[in-house]
1. Just to be sure I understand the filter: pairs with C-beta atoms under 6 Å, separated by 6 or more residues or on different chains, first member in segment 145-158 and under 15 Å from Thr191 (Cβ atoms), second member of a type in the set (Ser, Thr, Tyr). Which pairs pass?
2. Does Ala233 qualify as being over 26 Å from Val24 (Cβ atoms) and at pLDDT below 95?
3. Go over the candidates Ala184, Ala226, Ala231, Ala236 one by one and state the one that is among the aliphatic types (A, V, I, L, M), in contact (Cβ under 8 Å) with a residue 40 or more places away in the chain and open to solvent by less than 50 Å² (accessible area, probe 1.4 Å).
4. Output the number of residues of segment 112-138 satisfying the condition of being within 21 Å of Leu171 (Cα to Cα), in contact (Cβ under 8 Å) with a residue 12 or more places away in the chain and open to solvent by 50 Å² or more (accessible area, probe 1.4 Å).
5. If Gln160 passes every condition in (1) over 15 Å from Ser59 (Cβ atoms); (2) among the polar types (S, T, N, Q); (3) open to solvent by 60 Å² or more (accessible area, probe 1.4 Å) but one, which one does it miss?
6. For segment 20-37, which residues satisfy the criterion of being of a type outside the set (Gly, Ala, Ser) and either in contact with a Gly (Cβ under 8 Å, 6 or more places away or on another chain) or modelled with pLDDT of 95 or more (or both)?
7. Take the conditions within 25 Å of Lys108 (Cα to Cα), modelled with pLDDT under 95 and among the charged types (D, E, K, R) and apply them to Arg197. Does it pass?
Amino acid sequence: MKLTDFKVLTFDVVGTLIDFERGVLASVRRLGGAAAKDLSDDQIFEPYMRGRAAFPGRSSHEMANVYLSLAKELNLPDDPQSAAAFQRDVLEWPAFADSVAALKRLRKHYRLVAMTNADRVALSAYAHTLGDPFDDTVCCDETGVAKPDPQFFAYNRGRQAAFGYKFSEILHTAQSQYHDIGIATQLGYATCWIERRQGNKGFGATPVPEAVTTPTFRFATLAALADAVEAEARVAA
């Protein structure tokens, strides 16, 4: 199986293209001031994940509550102004350094489709940050469920079929073993794991999967995926 066998790349967005971990850490440390200065990354990520589990709704609204939850755990400022600032920051989470350029390169070879648990407001902000690279987008507002729910993947599979693309022509590309790689593999997708945390211990601000699934393809960065696609395309030309 080759990368150039596919016509559609479906992408997880937050964690794969958007560096939400960097965004969360920067916001919490800025808003927490001296009380957050000595907290490790994991000391911030763990209550962040508990807060997100407690408030799983639309990310353009519920992240203020996520902040209040983690702030209470960590004894950080938990006033409404800090929560509102965290909510605003969520819409400005940065892209990974290679995302914009790599997506431009990949779009020359594939239809690019966002598949994200973010809601439409947040996805619009992230798409703008990424240079508006997507030919199609699917988010929780349309599906009514969030990954790793199989119905999220079923919705998108049907949507791409309506545009004339076969299931065998889709390569699902993502960082999260928990939300994406494991369930997509179980459902029969070809998968590409962008291992953003390669070399780091643990799973950061992403839930720990029951097991680490072996993907169809595996790269440390999106740029490395784009390099591999272009190398295959040159050989085929």
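The values are calculated or read from the model by the stated rules, or taken from the named source; none is laboratory data. In this text, all values refer to a predicted model and were calculated from it rather than measured experimentally. So basically every Cβ, Gly included, is an ideal-geometry build from the backbone, and we count neighbours across all protein chains shown. All accessible areas refer to the heavy atoms of the entire protein, side chains included, with ligands and DNA or RNA removed. Shrake-Rupley method; radii C 1.70, N 1.55, O 1.52, S 1.80 Å.
1. Pairs found: Phe152/Thr143.
2. yes
3. Ala226
4. The total comes to 1.
5. Going through (1) over 15 Å from Ser59 (Cβ atoms); (2) among the polar types (S, T, N, Q); (3) open to solvent by 60 Å² or more (accessible area, probe 1.4 Å) one by one, Gln160 breaks only (3).
6. Once the filter is applied, which keeps residues that are of a type outside the set (Gly, Ala, Ser) and either in contact with a Gly (Cβ under 8 Å, 6 or more places away or on another chain) or modelled with pLDDT of 95 or more (or both), segment 20-37 yields Phe20, Glu21, Arg22, Val24, Leu25, Val28, Arg29, Arg30, Leu31.
7. No: the conditions fail for Arg197.
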